Every structure is written in structure tokens, then in C-alpha cells.
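The values are calculated or read from the model by the stated rules, or taken from the named source; none is laboratory data. The shown structure was predicted, so the numbers you read here are calculated from the model rather than taken from an experiment. Neighbour counts run over all protein chains shown; Cβ positions are idealised from the backbone, glycine included. What goes into the accessible areas is simple: the full protein's heavy atoms, side chains included, and nothing from ligands, DNA or RNA. Shrake-Rupley method; radii C 1.70, N 1.55, O 1.52, S 1.80 Å.
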Amino acid sequence: MKRNIFWAAFIILLFSASVFAGDFSGSLTYSGGYNFTENNLSNTLNLDLNYIHSFTDEVFAEGDLTIRYSDKYSTNPFMIIPKEIYIGAYDLIPQLDIRTGLLVVSWGSADMFSPLDNFNPLPPGMSFTSMTQKNGVLAADATYYFNDITYLQAIVLPSFVPSYMPEKYEEQIYLSMFTPQFQAQGIEITSVNITHAFPENPVWGIKLGRSFTSFDAAISYYNGYYFNAYPEIIQPIPEPSGMSLDLGLGYPKKDVFGFEFQGDFPGIEGATLRGDLAYITPQPWEVQGEYVLKDPYLKAVIGADYTTSFDLYLNVGFIWGFAFEEGNQCSPYISLNARKELEDSKLTPNYLGIISLHDGSMVNSVGASYDFTDDFSVTLSYVSVSGDQTSKLGQMGSAEGLYLMGEWSF
């Protein structure tokens, strides 16, 4: 129902372009991948449409819509997804900026895997070949500027939005997870019935930021929940066709105290140092007599980037606690992102590598982009994963494959 309402609102915004002055833009993107593990080909076609209309010098509306066809992750290949639809006001109240509606909110200075970015759930899967787009959430965002260098930002979500996972995929995961445990007890589980208990309290956060001579910094607090569900009730039930597992999933609460910074790297002219540090206090969560979440823990991403005199872009990062790690599972990683702009060429080779310092498992993405025009480009990438299936990054072996992406902006 909510999506239908936002879709109708977006259509109204589009048709208002014939009456009011506005700015319309978009992009058409094809993403294809051949998976080496499953030996299958997936295809996704995205049409992204963005519209901005200014009602006055201070008040405006923006709509961002994705029309998607995909044979990946979903039983419904065709989807209409409103990413952002909101009303904004700049300085309508002196020194206060406001946005309300369906929003994408970004906290943290890291390009990827920031532990401070907790408002918008990501789509299923993890991409090592492109920046993953977030899903919009109903929210209100207010930023008050004390002066040119100091601001206070507050975010409120009336309801929590978890990460989306296709129903069949979720059932397969938990069936494979719990079947061996019950087999050891002589119980054969043939199916799983999953129910979700969603939090009823709102999600909110507050951030205080300031600019200094050579860097920007901010402290923040997030009061919300984990995006991914955790088992809460596990009960085998006899059925005519065999034993079924009734599985109740919940979303533990968490408090995140954050610190982020970005600025000049000391001693290296032109280099940038950035970092996101999160101190996370989870709701204790017990599964089958063992705590999967209990004590406070740290997650962090600290990196530096630099472009050399011969146009080689380098980004080196240290990660404590990968995207899928929480609590005592957190471990260290090193990432390297490199991109070389070739002189007098439209070809740009690129590389992304992540290595676990815990067990040596690795993910490597090697590719190249070619800009046919300023508005049309094609990228081909090869992703490989090393390490056994129980290793930190080896468990992501399903990401191995060849990926092709073409994008046309208009």
C-alpha cells in the first residue's frame, strides 16, 4: 500500500513537469553476470528516473524512481521501486534544512561498509563490481547550522525497515542451517515455516558535525535495530508430510555511538584520510542456549586515498568487522582499490581486492571501463574468491563470475 501511494505521488510529480518548471534526468543500466558456482546467467535492466521541482526558492520536491526487470533474487521479475520521494525546504526557517518523505540517508565517510550507515537497508547480495544502491525509507531529516562550520542533524524513522530477503531463499538458508542439528537428534526436518516479529518502536539518530582547518569530524548516536533477522523461536512440529520447523525471527535492538572524520593525510600532499568508528551495544540475543549477541563491540573502517602524478588512483583501507560480521565474529581485513586513467584513452582499468587477516581468504575483482561517450560507458569485471567455504571470505564463493554493466545517462 505504501509503495502504491508513493508511486502515485511520483506520477503526479512527473506530469507536473508540463505545467511547472523542473529538472528531469535519469539513466538506463544493464547488469549481467555469469556465475561460476551455479553456472547460470543473470540479467538486470534498471531505468532510473529523477525529477526535481522547485515550488519556491526555499521549497522543492524530488522524486527518484527505479523501474527494474531482473531474473535475479526475486520471483517477481518486474518491479517498480521508489527510492526517494520527498519534500525539502532550505532555509525556510533560518539556518534549518528539512527533508521528509521516502529518503536515502548516508552517515559515515567511508565509501563502502561503513558501520555508521544504519538507516537504509541494502538490496540482497553484495556487489564487488559496482556501488550498491540503497532502498529508501520513510523518514524525516532536519539539519540545523549553527554557523558555516558546525551543524546538528536529527533523523527519525516512524517504523523500522529490515533488509529484504526473498522468501524461498530465506527458507533454504535456515533449512540448511538447522537440519544437521536436528538430524543429530534423530529428527528429520522436511520444511520450515518462518514468521517475523518486527519492532514497533521508531528508529532515530542524531549527529553533531564540525569543520576544522584541515579536516571534518562528527560524533553521532543511532537508536535502532539490526537489518538482518535472528532466530528467536525454534520448534519442530509434526505434520502429515514429515517434521516441520516453526522458526520465529526477530530483530535485536542496537545502540551505535559513532565517530567519523575526513581530511588531509599528514605529510602527503593531495592524500585524504577518512575513518568511521562505531561502538555498538546490542540487545542480548540467545539462540538455542547460546548468545549470538551479548557484549558491546567495535566496528571500524579507516582508509586513505591518493591520486598519483600519472593518474593512478589508490585507496587503501583497514576494516574491523565486515558487513556480515557482528559481535565477537568481527575480524580484520585490508582492502585495496586501484583505478588508472590511461592517457589519450577512453579505457580505465580497475581493481578491488579484500583480504582477511584472520585466515588469508580473499576476494579480487579485476575489470575495465570504456567510455564510448560522456553519457555511455561499459564495464567488464572478473571476480574471484579464494579460501575454503568455512573461511571469512571463502563463504562468498557464490560471487565468483564474469560481470558486464552498461550505463547510459540522460
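For this structure, a couple of remarks:
- The lone exception for F119 - which of (1) over 24 Å from L49 (Cα atoms); (2) part of a loop (DSSP other than H, G, I, E, B) it fails: (1)
- Looking across segment 285-295, not a single residue is in contact with a Lys or Arg (Cβ under 8 Å, 6 or more places away or on another chain) and in a loop (DSSP other than H, G, I, E, B).
- Selection count where residues are closer than 15 Å to L352 by Cα, hydrophobic (A, V, I, L, M, F, W, C) and surrounded by 15 or more Cβ atoms within 10 Å (Cβ to Cβ), scope segment 302-326: 4
- Segment 127-164, residues that are under 16 Å from the mean Cα position of the chain (by Cα) and either modelled with pLDDT of 95 or more or buried (at least 16 other Cβ atoms within 10 Å of the Cβ) (or both): S127, F128, T129, Q133, K134, N135, G136, V137, F160, V161, P162
- Residue match in segment 83-96 (condition: aromatic (F, W, Y) and at pLDDT below 85): no
- Of all residues making up segment 285-301, the number that are open to solvent by less than 40 Å² (accessible area, probe 1.4 Å) and within 20 Å of G250 (Cβ to Cβ): 4
- Segment 69-95: number of residues that are free of Cβ contacts under 8 Å to residues at least 60 places away in the same chain, open to solvent by 50 Å² or more (accessible area, probe 1.4 Å) and within 16 Å of S27 (Cα to Cα): 1
- Search result, residues across segment 327-339 that are open to solvent by 40 Å² or more (accessible area, probe 1.4 Å) and of a type in the set (A, V, I, L, M, F, W, C): I334, L336
- If the condition is being closer than 27 Å to L402 by Cβ and of a type in the set (G, A, S), then segment 27-60 contributes S27, S31, G32, G33, S42.
- Taking strands (runs of 3 or more DSSP E) as the structural unit, those lying wholly within segment 218-284 and holding at least 1 residues that are basic (K, R), within 20 Å of E326 (Cβ to Cβ) and open to solvent by 20 Å² or more (accessible area, probe 1.4 Å) correspond to 253-264.
- Residue in segment 47-54 that is in contact with an Asp or Glu (Cβ under 9 Å, 6 or more places away or on another chain) and in a loop (DSSP other than H, G, I, E, B) present: no
- Every listed requirement among (1) under 22 Å from the mean Cα position of the chain (by Cα); (2) outside any strand (DSSP E or B); (3) at pLDDT 95 or above is met by L336 save one, (2).
- When every residue of segment 81-98 is checked against the conditions, none turns out to be in contact with a Gly (Cβ under 7 Å, 6 or more places away or on another chain) and assigned to a loop (DSSP other than H, G, I, E, B).
- A count restricted to segment 188-209 and to residues that are aliphatic (A, V, I, L, M), more than 20 Å from W107 (Cβ to Cβ) and surrounded by 13 or more Cβ atoms within 10 Å (Cβ to Cβ) stands at 3.
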